[in-house]
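Below is one structure, written out as structure tokens, with a few remarks after it.
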Amino acid sequence: MVAVIRSCEHVAFDRTIDKAGSVFEFFVPPLMQKYFEEVMACFLKDGVITYCTQMDNRLLVQGSEL
């Protein structure tokens, strides 16, 4: 899944949050959000991923930890 996202330049930047639990974080540029969501919907439909949710950018939220 990550390789597919990385192969599409400028769609998202990924970071592994929990390697054992396979939890990833993606930073998606605003102009790429619709495309990213379409790709994630395909991954969900095909069972490649089990869960995807949009969260606030923790770099912009005061008091958030990295």
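None of the figures in this text is laboratory data; all of them are computed from the coordinates on show. Source: prediction; values computed, not measured.
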* Asked: Got a sec to turn the phi values of segment 11-28 into Karplus ³J(HN,Hα) couplings, 6.51 cos²θ - 1.76 cosθ + 1.60 with θ = phi - 60°, whole Hz, x for Gly and Pro?
  -> 7, 6, 10, 10, 8, 7, 8, 9, 4, 5, x, 6, 9, 10, 10, 10, 9, 10
* Structure fact -> Summing -39500 (n - 2.57) over every DSSP H run of at least 4 in the chain, dividing by its residue total and rounding to the nearest 500, the 222 nm mean residue ellipticity is -8500 deg cm²/dmol
